[in-house]
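**Student:** Input: one structure, supplied below.
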């Protein structure tokens, strides 16, 4: 034995041995802690970092016109993106020249985008080129080893082929906002999901929106996909068939574009059921800007301009604009006069007097019509007659009329943010509070649709169109049918549905009463009335012009708003059309011809035999 | 050479030690395969094992005393190799010029092999001292001097991890060479006090850089200390070990942290994490037990050594191996900073396996000559 070399060598060797065992024991203890005590925790950690869910966005349903023509669809858009996982290993700024050359993108723009990445540390992908071409994609694929940070991403992009046409009705889509995410109906969405932000896109969002699928993939430490574990296909959204007739819509848009101020609204509706055939509002906007432009500086600038523009292109004037209705207001007033027996069919005559004196103030009529009957007063738009009729009804009579014609609420059209008409019913409490009492002069002004009356174009069309169909006020609507969509994988089929037309509100009139008002409306165009210039032989238009002052009384402010609200043919209406042209002047001169343009388009399609006579009539003007 | 071996010697051949070592390497090859199934590391390791076993057998046939006798020559050769590494003959891998590429022999890592002549030198010097008198300061300084040259050259590569593995060689030899226990205790206390104090002073005076502080923080709290930066490797290693659970993922490539490249250097420095992942707690404990058994067997060999020099060689080898196992696995388990040291017998790498088996051959040689009388 070697023990004789030093006094305690064996003990020292044993010490080394014990130290070795202790160290191994420490390691064993640590392994026990990591694998047995914390094993499940690290199992989960490992899984979380290797399994990624890549959403497959679902295409939204298309929006079609009543004949199945596409108004909105989704098409795949290829984007070149920077992947966040990759970028932390490289300095992309050094590669900007390569990117710019390969993708044919402005270098300055790339630098801008890369700087943006720095500001948002949590980003997943950053689009550096939208709507990439096949060449771009090929370039990215070919350089995938060299530039793994570049990836091609496909997502369906909303496409509005007609641009500004029907934009207010269709609306647009965008990323769900943080505010929306708090609402229960959006609770299952996640940031970045696309939802309808306006118009039909918003109103029918839950039908149009599909259910996104996902790819469950295995990724390596650099986020490169190693294997696909599971694919859940998305379920596309349901198609929406609208009541819109694209031809009429284009005609309406063209009329607004031709108008002097290019500001206003035109609506065409089927008076027999409330189907909106056309709804145009001008100035308009291009929904594509909202869809494609959000990620680019130019797009953002354009969107900001829309919001700042004093002509308010984002406003749907047809349902959100409030204007004094002017003389078009005389039609519900006439019906109210008969209903409330201020006048009768037998004796409907009231004095015109060239105007009326209230207190010491004289308010004039446009002419002197003697003591006309109701139909003549309508045809000639006699203010004096309606001043007196309004006074006979009194403000309470007017409020009763407002309730009868449902002017105190929105029409219920299937679009978001519809505004209600404002009437004496709404204003009376404010006026009484401020001025002590409701004065007769206000009743007089309210009788001819001025002052305390501010009507939405849709509400005026709805009420006047009802006169042509025995007083049936239908709820205007744009949805005709929502198509069903079949089951996809685990997602069940979603049934289709058609618009259920609510029972119309009936304006009670006797046949005689109706005939009297109708005769007046017919005369406006066909018997030397205010809008006789737009007469179409063989297709009698019944309507009412309106010229709404919007300057303060006695001052020379902006020009009047021109109204024309009508339906045709007069005694068996197929279509009702209205137009308002802002600050253009007389209704007969500016709004009626615009309405006529829509009728022409309607006739070319449905009554081509009448088109010949129509051109003759036009030449005869 | 075979003729020299006497039957009696052959009976003393420590088959258990050799089989134990070969078993660990085989287990390691399986893990190298798990770590990098698509690379040829595991095949290389098989070839390495065969060569290593042959060399170990050859070494065991030679009388260890002859080898110790020629220690200065080996030592000089080792230093030449380490110098050559720093010349253009050296190969740079990941910022470290630690490899030497020579014709015929191929590429190898001299710092792995030079441990052997260093141990022989230490054994020669300290083995020759007689009697029970305590170690003098001068003797200690000679020991330090033996270490300084190779360690200095290795630090120039720079390979701090390898340099570190030389320290326990000297420490073990000195401890077993009748150093006064009070010196041992004093130096232990000094380390325990000076390490934190110098760290504190270093931080205060700015001598210790921020990234070095980060590396320490990683050990204290691997999960929250910047898992994308310095903590990344440690944290990924901990996850890899942890997800092994009791029985491991058994080579499931879809779960493998190394196949998905979350785990860095899976076939070399982090081979234990791969082992833990694939074989779980049972595999880890088995491996640790195998190491314990191997070390016990070596220590038994040391106890039976016919002379002091043989004992010192084996014990230096035990000290170095224990240290390396602890540093490597400790790093893998997140209780020690990341230091690039291979796990003996497990990590892929011809240099490491060859040098280890040369040492084992040496131990076998000592063991076979236990009954030789002077």
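The values are calculated or read from the model by the stated rules, or taken from the named source; none is laboratory data. All figures in this text were calculated on a predicted structure; none of them were measured in a lab. Note that we place each Cβ from the backbone using ideal geometry, even for glycine, and neighbour counts take in every protein chain shown.
**Student:** Restricting to region A:2-45, and then to whatever is assigned to a loop (DSSP other than H, G, I, E, B), surrounded by 13 or more Cβ atoms within 10 Å (Cβ to Cβ) and within 7 Å of another protein chain (Cβ to nearest Cβ), can you tell me which residue is modelled with the lowest pLDDT?
**Tutor:** Once the filter is applied, the top-ranked residue is A:2.
**Student:** Wholly within region B:132-181, which helices (runs of 4 or more DSSP H) include no fewer than the required count, namely at least 1 residues that are surrounded by fewer than 18 Cβ atoms within 10 Å (Cβ to Cβ), on the phi < 0 side of the Ramachandran plot and without any contact (Cβ under 8 Å) to a residue 12 or more places away in the chain?
**Tutor:** B:137-155
**Student:** If you don't mind, another one. Does at least one position in region A:437-445 carry a residue that is surrounded by 24 or more Cβ atoms within 10 Å (Cβ to Cβ) and in the same structural domain as residue A:327 (by TED's automatic domain parsing)?
**Tutor:** no
**Student:** Of the numbered conditions (1) touching a helix residue (DSSP H, G or I) at 6+ places or on another chain (Cβ under 9 Å); (2) in a loop (DSSP other than H, G, I, E, B); (3) within 14 Å of chain A (Cβ to nearest Cβ); (4) at pLDDT below 90, residue B:374 fails exactly one; give the number of that condition.
**Tutor:** For residue B:374, the failing item is (1).
**Student:** Within region A:274-287, identify whether any single residue is part of a helix (DSSP H, G or I), in contact with a strand residue (DSSP E or B) (Cβ under 9 Å, 6 or more places away or on another chain) and surrounded by 23 or more Cβ atoms within 10 Å (Cβ to Cβ), and answer yes or no.
**Tutor:** Yes, there is a match, as at least one residue in region A:274-287 is part of a helix (DSSP H, G or I), in contact with a strand residue (DSSP E or B) (Cβ under 9 Å, 6 or more places away or on another chain) and surrounded by 23 or more Cβ atoms within 10 Å (Cβ to Cβ).
**Student:** Exactly one of (1) closer than 17 Å to residue B:233 by Cα; (2) part of a helix (DSSP H, G or I) is unmet by residue B:354. Its number?
**Tutor:** (1)
**Student:** Continuing with this model, one more query. For residue A:96, indicate whether it is more than 14 Å from chain B (Cβ to nearest Cβ), closer than 27 Å to residue A:489 by Cβ, modelled with pLDDT of 80 or more and in contact with a helix residue (DSSP H, G or I) (Cβ under 6 Å, 6 or more places away or on another chain).
**Tutor:** Answer is no for this residue.
A quick yes/no check of all residues on (1) touching a strand residue (DSSP E or B) at 6+ places or on another chain (Cβ under 9 Å); (2) surrounded by 24 or more Cβ atoms within 10 Å (Cβ to Cβ); (3) at the interface with chain A (Cβ under 9 Å from one of its Cβ atoms):
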site	(1), (2), (3)
B:295	no, no, yes
B:301	no, yes, no
B:315	no, yes, yes
B:328	no, yes, no
B:331	no, yes, no
B:336	no, no, no
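**Student:** Can I ask one more? Could you please let me know if residue A:80 is more than 8 Å from every other protein chain (Cβ to nearest Cβ) and surrounded by fewer than 18 Cβ atoms within 10 Å (Cβ to Cβ)?
**Tutor:** Considered against the rule, which asks whether it is more than 8 Å from every other protein chain (Cβ to nearest Cβ) and surrounded by fewer than 18 Cβ atoms within 10 Å (Cβ to Cβ), residue A:80 comes out as no.
**Student:** Residues of region A:574-596 being buried (at least 22 other Cβ atoms within 10 Å of the Cβ) and farther than 22 Å from residue A:324 by Cβ, which ones?
**Tutor:** Answer for region A:574-596, where residues must be buried (at least 22 other Cβ atoms within 10 Å of the Cβ) and farther than 22 Å from residue A:324 by Cβ: A:575, A:596.
**Student:** Okay, next question. Does region A:51-66 contain any residue that is within 14 Å of chain B (Cβ to nearest Cβ) and either at pLDDT below 95 or assigned to a strand (DSSP E or B) (or both)?
**Tutor:** Scanning region A:51-66, I find at least one residue that is within 14 Å of chain B (Cβ to nearest Cβ) and either at pLDDT below 95 or assigned to a strand (DSSP E or B) (or both), so the answer is yes.
**Student:** Let me ask something else about it. Report the residue count in region A:144-162 for those that are buried (at least 16 other Cβ atoms within 10 Å of the Cβ) and assigned to a loop (DSSP other than H, G, I, E, B).
**Tutor:** 5
**Student:** In region A:424-474, what residues are free of Cβ contacts under 8 Å to residues at least 60 places away in the same chain and under 25 Å from the mean Cα position of the chain (by Cα)?
**Tutor:** Passing the criteria: only A:459.
**Student:** Among (1) surrounded by fewer than 18 Cβ atoms within 10 Å (Cβ to Cβ); (2) touching a strand residue (DSSP E or B) at 6+ places or on another chain (Cβ under 9 Å), there is one condition residue A:548 misses while meeting the rest; what is its number?
**Tutor:** Residue A:548 satisfies every listed condition except (1).
**Student:** Among the candidates A:199, A:274, A:299, A:210, single out the residue that is at positive phi and outside the structural domain of residue A:567 (by TED's automatic domain parsing).
**Tutor:** On inspection, the qualifying residue turns out to be A:199.
**Student:** Quick check on this structure: which one of A:270, A:245 is over 20 Å from the mean Cα position of the chain (by Cα) and either modelled with pLDDT of 95 or more or crowded, with 24+ Cβ neighbours inside 10 Å (or both)?
**Tutor:** Among A:270, A:245, only A:270 is over 20 Å from the mean Cα position of the chain (by Cα) and either modelled with pLDDT of 95 or more or crowded, with 24+ Cβ neighbours inside 10 Å (or both).
**Student:** For region A:362-437, please list each of the helices (runs of 4 or more DSSP H) lying entirely inside it that holds at least 2 residues being touching a strand residue (DSSP E or B) at 6+ places or on another chain (Cβ under 8 Å).
**Tutor:** By residue number, A:383-404.
**Student:** Pick from region B:276-293 the residues that are closer than 17 Å to residue A:26 by Cβ and surrounded by 22 or more Cβ atoms within 10 Å (Cβ to Cβ): which of them is nearest to the other protein chains (Cβ to nearest Cβ)?
**Tutor:** Ranking the qualifying residues of region B:276-293, first place goes to B:284.
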